[in-house]
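A quick write-up on the structure given underneath.
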Amino acid sequence: MTKWHWLFLVLSLAVAGQGCSDDDTNGGGSGGSAGTGGSGGSAGTGGEGGAGGMVTDTDRDGIPDDEDPTPNGSTNNKLNGTNSGGAASVVAITATVGSGEENVDYIYDDDLTTGCDTTWDPQGTLCDEPDTTDSPTTSTKTDYDSGATWYAEPDPGDTAPITGFLVIDACSDDSCEAVDFNEARVFQMYSDGKTTHLRISVHDERGDTPPSWDDAGWMTITDFEMIGAGTSIDDYVVEDPTVISTGPQVTRYVRLEARNDGSLLDDDGSYIEIRSVKLFSVSAPE
């Protein structure tokens, strides 16, 4: 091989080596710049749109609009009875002794068919009569003795406390499926008995068949709250109810448990009597 052949071979190899180096450099460099496309992942921040799922509570009563029977607000007493123009009705009354055992002998009168003009009968507790119907501060009665009543003193062999139970269907006339409330107002009767402690429960049942008084589905929404003396204007009109915050509730059935320990002035604890319990949906301040 001549020296010219050797020179040509060396030059050819040099040029080939440079081409490989250029290809590797260009290929690697361009590939690296393409990798910056990964920044497109930031588009995922679009998930912030989920804020559109915020709960709406138009009347500010603590109940979401899609669960609230009156989403735009209401001022009516949700336990106004059918005898005074409302939808509620007492569907059961009973009593228990201190052991929790039922004893119907402590019910003063269990007639559920009488109206607002009957003394010491259960439906009277739901009578919310003119001119103070739906008033959160005042209760008016045509018969100031109307309201559920029980004997409060245990017989020999029974233990205290005696507890009177009412089960109430707030939609008994089928004009509603459920009612909403977040506050209870309890008015004292000025007869020969009182309620010194009251507990409230609700139930998930929405059908026409009420749950039994001791059904396992009852959910207590208050403790046994102390009930004050209130103020009697003339026995027919009573003011200064005890206000109980129940938290926001939607229910058809309400259970009341009442006791009288005899601690109120001018009462010897012989009878448990409930003049009136009203339920309201109160809007929070704006």
Quote to one decimal, in nm, the extra length available between Val237 and Cys176 on full extension: 0.36 nm per residue of separation minus the C-alpha distance between them.
19.0 nm
So how many Å³ per residue does the convex hull of the Cα atoms of segment 82-280 work out to?
103 Å³
Residue-ordered couplings for segment 152-169, obtained by feeding phi - 60° into the Karplus form 6.51 cos²θ - 1.76 cosθ + 1.60 and rounding to whole Hz (Gly and Pro as x), are 9, 9, x, 6, x, x, 9, 10, 7, x, 7, 10, x, 10, 10, 10, 10, 9
In terms of modelled amide H atoms, which long-range or inter-chain residues lie less than 5 Å from the amide H of Glu183?
Thr246, Phe280, Val282
Ranked from highest to lowest mean number of other Cβ atoms within 10 Å per residue, what is the order of the peptides 75-82, 244-251?
75-82, 244-251
Under 16 Å from Lys278, Cα to Cα: aspartates and glutamates that are on another chain or at least 8 residues apart:
Asp128, Glu129, Asp131, Asp134, Asp169, Asp180, Glu183, Glu225, Glu239, Asp240, Glu257
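We did not get these values from a lab; they are worked out from the coordinates using the rules stated. All values derive from a computational prediction rather than experimental measurement. Quick reminder, even Gly has a Cβ in these numbers, built from the backbone with ideal geometry, and neighbours come from all protein chains shown.
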